[in-house]
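Data first, discussion second: the structure below is written as structure tokens.
The values are calculated or read from the model by the stated rules, or taken from the named source; none is laboratory data. Here the structure is a predicted model, which means the values were calculated and not measured. Every residue, glycine as well, gets a Cβ built from its backbone with ideal geometry; the counts of neighbours run over all protein chains shown. These accessible areas exclude ligands, DNA and RNA; they are computed on the full protein's heavy atoms, side chains included. Shrake-Rupley method; radii C 1.70, N 1.55, O 1.52, S 1.80 Å.
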Amino acid sequence: MATSVAAIALMGTSVSVAEAQAAPRAAAATGVWHCSGTKISRCIEKVATNKVRVNFVNKTNKAVKGRFGVTCQGSSGQRVYELKKNLSARGGYLSGTITCPAGSRDYALGWQITADTYYSPTIRI
């Protein structure tokens with residue numbers, strides 16, 4: 001299952017993914033949030049050399065049925081972490097800190113898989 005989620009996380013076709021992949025990947029400063037999304041806020045920040053933190057916030061009046069997680073990418077491949085399924089309505093909140101393993105510490109992004117796949121910005125860690 002991790003491989004299929006990783007493939008989905010990297011092969012998205014939405015405009016936001018294309019824009020995120022086309023944007024230059026500047027080094028992320030520690031403690032700076034990088035966010036995307038209006039109905040569901042998807043934010044990611046670098047916490048340490050090998051750690052990232054994500055926040056997902058549901059701003060709609062309906063529960064979001066889907067999966068939420070983080071993908072760490074690097075020279076040895078990628079590692080996918082599924083954090084939670086579903087977010088409750090209006091203010092449903094998910095936060096998690098992930099330690100990316102050696103070989104997967106170059107980039108990280110948060111993802112939301114519902115009917116479509118949505119991503120946080122990609123950051124360098």
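Would you please list the contacts, defined by Cβ atoms under 8 Å and residues six or more apart or on different chains, that run from a residue in region 89-108 that is over 27 Å from K59 (Cα atoms) to a residue that is aromatic (F, W, Y) and outside any loop (DSSP other than H, G, I, E, B)?
none
Of the residues that sit in region 1-47 and are open to solvent by 40 Å² or more (accessible area, probe 1.4 Å) and among the hydroxyl-bearing types (S, T, Y), which one is modelled with the lowest pLDDT?
T13
Please give the number of the condition N50 fails out of (1) open to solvent by less than 60 Å² (accessible area, probe 1.4 Å); (2) without any contact (Cβ under 8 Å) to a residue 40 or more places away in the chain.
Against the list (1) open to solvent by less than 60 Å² (accessible area, probe 1.4 Å); (2) without any contact (Cβ under 8 Å) to a residue 40 or more places away in the chain, N50 comes up short only on (2).
For W111, all conditions in the list (1) in a loop (DSSP other than H, G, I, E, B); (2) touching a helix residue (DSSP H, G or I) at 6+ places or on another chain (Cβ under 7 Å) hold save one; what is the number of the exception?
Tallying (1) in a loop (DSSP other than H, G, I, E, B); (2) touching a helix residue (DSSP H, G or I) at 6+ places or on another chain (Cβ under 7 Å), W111 fails exactly one: (1).
Restricting attention to region 87-125, which residues are open to solvent by 70 Å² or more (accessible area, probe 1.4 Å) and at positive phi?
Answer for region 87-125, where residues must be open to solvent by 70 Å² or more (accessible area, probe 1.4 Å) and at positive phi: just R90.
Quick check on my filter: what residues within region 109-125 are within 11 Å of F56 (Cα to Cα) and of a type outside the set (S, T, N, Q)? Outline the logic, then answer.
Quick first cut of region 109-125, residues within 11 Å of F56 (Cα to Cα) only: 110-112, 119-120.
Result: G110, W111, Y119.
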